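The values are calculated or read from the model by the stated rules, or taken from the named source; none is laboratory data. It should be emphasised that the depicted structure is a prediction, and the values quoted were computed from it without experimental measurement. Here the Cβ positions follow ideal geometry from the backbone for every residue, glycine too, while neighbour counts run over all protein chains shown.
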Amino acid sequence: MMFELRRLHPAAIIFNILKSVKDLFFSLLIILVATDFTVFIIALGAFTVLASIYGFLSWYHFSYYVTDEDLWIQYGIFKRTKRSIAKNRIQSIDLTESVIHRIFKLTRVQIETASGGKQAEAALSAVSFQDALGLRNALKNSGESDVEIPEETYLAKKEITFSRLLLTGITSGGLGIIIGFIVVGLSELEELIPETVYDYTYEWLITASIILIVLIIISILAIIWLLSILWTLIRYGKFTIQRTENELFITRGLLEKKQLTIPLHRIQAIGIEENILRQPLGYAFIFAEIAGGNTDGKLADSTILFPLLHKREINAFLNEFVPDFSWKEEDVEWTKPPTAALPFYYVRSSLLFLVASIAVFIFYPTFAWIPLVLFLLSLGLGWLHYKDAGFHLTSDRLLLRYRFIKRITVLVYQKRIQAFGKKNHALERKRGLASMSISILSNSGGKHYHVKNLEEKKIDQLSDKIAYRTKLE
Amino acid sequence: MRQPPKHTIDPRAVNVWKISASIYLGILWLILITLAVFAVRWDWSFTYIIGAMLITILLSYLFIFLFPKLRYRRWRYEIFEQEIYIQHGIFIQTRTLIPMIRVQHVDTEQGPIMKRFHVASVSISTAATTHMIPALSEEDASDLRDRISQLARVDEDDV
């Protein structure tokens, strides 16, 4: 036995309790709203006792060990489960430390196999740091011997500088997201605020000078913006990427520390994303699509390899960390949509706003300028979509570029393509146009990339090159 | 992708689609008729019900009489040694190439209506996508399934 049977660190009890609190939070809230206070206190007391007992018992019954071949985990209070995970199936071992973990010098260990999905194959919620390192060694050492594997040598390492981190925060789209949250939040709040407060504020707003109101709005926006910067600092602080012969290691986070392991051979595609603020400044971030395993955060299913790089640095970065996927923008000859495709791009991006403009014009003519401005902006966006779309095929790799709001450039190996599609409707066929799509594997299942309204014959040529095609009959 | 795939699906597919569409629309008609009966009983306004009926008549024509035929005409497939080539779509024509080495499993499926017409569907799954050939004769479907699974077995690449 390489790694003796043991329990998690007792702090796991805290995590178990917290998890029950999270799961039952709403039922408690309902009790608080629906009944009187004494009932709530009694329920809360009973809940706390039960959750503690449950937390303790699940900790007591959870244990794990490593043999020569497998990782074994056994758990369950009433229904005992024993699960084995073959060592050679394990893809990555990720360590995450929340604030609570860091107080006790612990870490959460997540073990992923190729089977994708959001849930980790095995998660050990609280393991002391020493145990975690020992466990990692034991799992990577898939032989019979107990010999320590030599400390891995890092071929490359890149850390984010503070100024770069700040720039990431300033140019992040977080601004928009937070504004969205606040707008939604306010509309919800409306329900809760008593009428009188509402009336009072309203009167005050009318009497206060316009300048004051503008100042308040500006300062609210500024605060929102600062919050989004702060969020970026916390999330991507101390971002470090390191490379060994076969793996990438990513560490990030100021409060919650995350450590990801990415086996290089599981990378399906590498992409560059330029949002509308960063593109004029020449900045972008790099992401990877990985088959199965890591889910880096819940919002994005692509894994971020580096939060912010300048155009000039991208090639060097790719050469160093994912050499198979490096390319030079200068060498790329984009196959772009023909001029005949431009009307399709305009219609697609602006149709909604055109309809909205007409509707608003009919019902509220005084406000018609709002959708009209949006309509003009959307025409501009349509032109950008047209200008940015394209593909480029080299001997074994396919490079795609398209824009929705952000400009995305993706590099895929031909052999990684799971399906190749061509689509067109009657109007497009008449003009010799078609849209293409490729599907690749990502950690959330399939990921599909589309480039719209290209020349049909160019797509046919592309498919001929991609196709293996030996005829069967 | 210049030439469409060679093989058409089984013509009985049209009947299968017609019947299954009839069932869905039949339910819609039942609801509408019930509402109409209520409307007569309690003097509700007829405008909406007549509007809904007109829409349902149009839908019935489209889904029971027009679309199945068009869909059948468009549906084509062809199997090569190294890939599967599929075409479908009534308005938006889609042609898809699936490399054989990416195929993870092939299933044949048969619902009760399909069983009655002795047809079955074949669904082809890669790690990222699933593609379904909707109706082949039972023998063709199982032949195709066996052939694809044999061809797909050749290469064991990672993912």
Test result for residue A:282, of a type outside the set (S, T, N, Q), more than 21 Å from residue A:441 (Cα to Cα), surrounded by fewer than 20 Cβ atoms within 10 Å (Cβ to Cβ) and modelled with pLDDT of 90 or more: yes
Filtering the stretch B:119-147 down to residues that are small (Gly, Ala, Ser), more than 19 Å from residue A:438 (Cβ to Cβ) and outside any helix (DSSP H, G or I) yields B:120, B:121, B:123, B:135, B:137
Of B:113, B:101, B:84, the only residue that is buried (at least 19 other Cβ atoms within 10 Å of the Cβ) and in contact (Cβ under 8 Å) with a residue 24 or more places away in the chain is B:84
The strands (runs of 3 or more DSSP E) lying entirely within the stretch B:56-116 that contain at least 3 residues which are more than 8 Å from every other protein chain (Cβ to nearest Cβ) are B:76-79, B:83-88, B:103-109
Scanning the stretch A:261-279 residue by residue, those modelled with pLDDT under 90, hydrophobic (A, V, I, L, M, F, W, C) and touching a Leu at 6+ places or on another chain (Cβ under 8 Å) turn out to be A:262, A:264
Subset of the stretch A:1-55, residues under 19 Å from residue A:132 (Cβ atoms) and in a helix (DSSP H, G or I), comes to A:12, A:13, A:14, A:15, A:16
Scanning the stretch A:388-405 residue by residue, those surrounded by fewer than 16 Cβ atoms within 10 Å (Cβ to Cβ) and away from chain B (no Cβ under 14 Å) turn out to be A:394, A:395, A:404, A:405
(Q) Within the stretch A:317-328, does at least one residue satisfy the condition of being modelled with pLDDT under 90, of a type outside the set (Ser, Thr, Tyr) and surrounded by 15 or more Cβ atoms within 10 Å (Cβ to Cβ)? (A) yes
Is one or more of the residues making up the stretch A:345-364 in contact (Cβ under 8 Å) with a residue 60 or more places away in the chain, of a type outside the set (Val, Ile, Thr) and in a helix (DSSP H, G or I)?
-> yes
Review point. Is it the case that residue A:383 is surrounded by 13 or more Cβ atoms within 10 Å (Cβ to Cβ) and either touching a helix residue (DSSP H, G or I) at 6+ places or on another chain (Cβ under 6 Å) or more than 28 Å from residue B:88 (Cβ to Cβ) (or both)?
Key: yes
Within the stretch B:24-46, residues being free of Cβ contacts under 8 Å to residues at least 24 places away in the same chain and either in a helix (DSSP H, G or I) or of a type in the set (Lys, Arg) (or both) number 14
For residue B:56, state whether it is surrounded by 13 or more Cβ atoms within 10 Å (Cβ to Cβ) and farther than 30 Å from residue A:419 by Cα.
yes
